[in-house]
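Rule-based calculations on the coordinates, nothing more; no lab input. This one's a predicted model, so the numbers in the text were calculated from it and none came from an experiment. With ideal geometry, Cβ positions are generated from the backbone for all residues, glycine too; neighbour counts draw on all protein chains shown.
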Amino acid sequence: MKRKILGIVILIFFCASLGAFAYEKKSKQFPFMASYNKGGQLNFYAAVGFYGIGLEVAAGPELIIQEFDIGGIPLEWGVTVRGMLGFGGFLGYSWLDWGVAPMATLHWGLDLGDIWKFDWYIGLGLGISGTIGDYYYWGPEGEIRFGFASFNGVAWQFADNIALILDAGYAGYVGVYGIGVRFNL
């Protein structure tokens, strides 16, 4: 177990040190506005958080399609697919909620100097979700539901290729909240 944790820590530091992939484009009209993604860039998100009476994980890749400006504010848009798993338990019963959603994304960033670089993002699309387990009060086991999906959050870009994220997501009818990392590949 200690070797796995050490391997993950080494991988994070390795990814953070790859300065060749670092990117920041500042606005000429608003010097505190910045872009941290460029067209063709691949990002990977992973977050862990609390889920009702249990634990949840959410992860997925994102491809940045294009950068653009609106009134001097640098923005980027892309596409992502996010998956989520919620592990719950109550009074001896347990269940697993799941959701998957393809979405379009939009990013805008702030550069407040030194290491204070933030990238806000929002993703909107349609998702599917369901549940597996021996107890659940939202609906029958195995039922698949379709609905709107959203993943939103803020990324603190503290290193060239890695950011700490606060993430909130919703797919179908399953909602998750967590803290995690984003790797800019």
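Would you tally the net charge around PRO61, using a Cβ to Cβ cut-off of less than 11 Å, leaving PRO61 out, and scoring K and R as +1, D and E as -1? Walk me through the numbers before you get to the answer.
Working: positive: ARG82, ARG182; negative: GLU62.
Summing Lys/Arg as +1 and Asp/Glu as -1 gives +1.
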Q. Efficiency by 1/(1 + (r/R0)^6): what FRET value for ILE53 and ILE132, r their Cβ-Cβ distance, R0 = 22 Å, to the nearest 0.05?
A. 0.85
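Quick one: if the Förster radius is 25 Å, what FRET efficiency do PHE44 and SER94 give, using the C-beta to C-beta distance and rounding to 0.05?
Numbers: r = 29 Å, r/R0 = 1.16.
Step by step, r from the Cβ atoms, then E = 0.30.
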Q. In the neighborhood of GLY175, defined by Cβ-to-Cβ distances under 15 Å, what is the net charge if each Lys or Arg adds +1 and each Asp or Glu adds -1?
A. -1
Q: Return the sequence-ordered ³J(HN,Hα) values of region 145-152 in whole Hz as given by the Karplus equation 6.51 cos²θ - 1.76 cosθ + 1.60 applied to θ = phi - 60°, using x for Gly and Pro.
A: 10, 10, x, 5, 9, 8, 10, 9
